[in-house]
Amino acid sequence: MNKKVNNFNVTGLILPLIILLAWHLSVQSGMFPPAILPPIGDVAMAFLNMMESGLLVGDILVSLTRVLRGYLLAIFAGVTLGTLMGTSKHINDFFTLTLNSIRQIPILAWIPLIILWLGIGEESKVAVIFLAAFFPILINTISGMLSTPKGLVEVAALYKLSGWMTFRKVYFPSALPQIFVGLKLGLGISWVAVVAAELIAASSGIGFRISDARSMMEPDVMIVGMISIGVLGVSMDKALTLILDRITPWEK
């Protein structure tokens, strides 16, 4: 197992190294001017300067706080409603048409209206993240509940388990892997949403920093922001995977 993990890690580094090499050669050959694609050294220096000044850490904390607030709200609402819709046909029929209609509207189309309703403060950004993350979590929770083997549900009924015990012992363990698929999808979309919201209306955060760097013609700062989002997203996704492995060992 360890050998496979190590091989995967080494293999996973090949493409980033190829990208870095292509980046370096493109800049050195003059294919792209520094104003469009800065040298790797300039990006590294921008990273160090932003770390030293505290700008990068501050922006990361602001964006991370927004993501966590919206994402956790989406988990609560998505898993709760998804459980109800996945275990009750009447509730499913009541919500499906409306939610499917809302789900078709791109998150970018919601941002101006949400800002109009909630202003440009933290509430609007959290609302955008919530709306973006909610539907992947909801849909996968419903799918997980509906895919619960009917035989297990019948056994629970045979033993006269209560509704809560049936959910706890049958539905939830069976649906958990699918729920985590929704959690991971929702997490990725949360970062897309927070950057989109910060690009439009914010005075802090990684998205704001990228937008500000664009207006100041600082591509090195823009790339630092983009890499920071990627690293944060991958780290949080890995954390979710580790949690899933711990609580669902039978899925390994």
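We did not get these values from a lab; they are worked out from the coordinates using the rules stated. The shown structure was predicted, so the numbers you read here are calculated from the model rather than taken from an experiment. Neighbour counts run over all protein chains shown; Cβ positions are idealised from the backbone, glycine included.
Couple of notes before you dig in:
- Translational diffusion coefficient (Stokes-Einstein; Kirkwood radius from C-alpha pairs) of the stretch 1-153 at 10 °C, 1.306 mPa s, in µm²/s: 79 µm²/s
- Taking the Kirkwood radius as Rh and the Cα radius of gyration as Rg, the stretch 38-251 has a ratio of Rg/Rh equal to 1.08.
- Placing +1 on the Cβ of every Lys and Arg and -1 on the Cβ of every Asp and Glu, with nothing else charged, gives the chain a dipole about its Cα centre of roughly 1120 debye.
- Computed over the stretch 38-251: relative contact order in percent, which uses C-alpha pairs under 8 Å that are six or more apart: 28 percent
- Sorted by Cβ density within 10 Å, fewest first, the residues E218, E122: E122, E218
- At least 18 Å along the helix axis (C-alpha) and Kyte average at least 0.0, DSSP helices within the chain: 2-28, 40-53, 55-87, 122-146, 172-200, 219-247
- Partner aspartates and glutamates whose Cα lies under 19 Å from the Cα of K184, excluding those fewer than 8 positions away in the same chain, are identified as D237, D245, E251.
- Over the chain, dividing the summed -39,500 (n - 2.57) contributions of all DSSP H runs of at least 4 residues by the number of residues returns a 222 nm mean residue ellipticity of -28000 deg cm²/dmol.
- FRET efficiency, F32 to V57 (Cβ-Cβ, R0 30 Å, nearest 0.05): 0.50
- Dipole magnitude for the stretch 71-178: about 360 debye, using +1 per Lys or Arg Cβ and -1 per Asp or Glu Cβ, origin at the Cα centre.
- Cα-projected label distance for I18 with A239, points at 7 Å along beta-carbon direction, nm: 3.1 nm
- At R0 = 35 Å, FRET efficiency that the Cβ-Cβ distance of L64 and L158 yields, to 0.05: 0.15
- Think of the chain as a dipole: +1 on every Lys or Arg Cβ, -1 on every Asp or Glu Cβ, centred on the Cα centre; then among Q178, A213, S101, Q178 lies furthest on the positive end.
- Residue order, fewest to most beta carbons within 10 Å, for W164, W191, W117: W164, W117, W191
- Residue with peak Gaussian network fluctuation, the chain [Cα springs, cutoff 10 Å], from A132, A196, A156: A156
- Here the residues E52, E123, ranked from fewest to most Cβ neighbours within 10 Å of their Cβ, fall in the order E52, E123.
- Computed as a quarter of the hull surface, the mean projected area of the alpha carbon convex hull for the stretch 178-227 stands at 3.6 nm².
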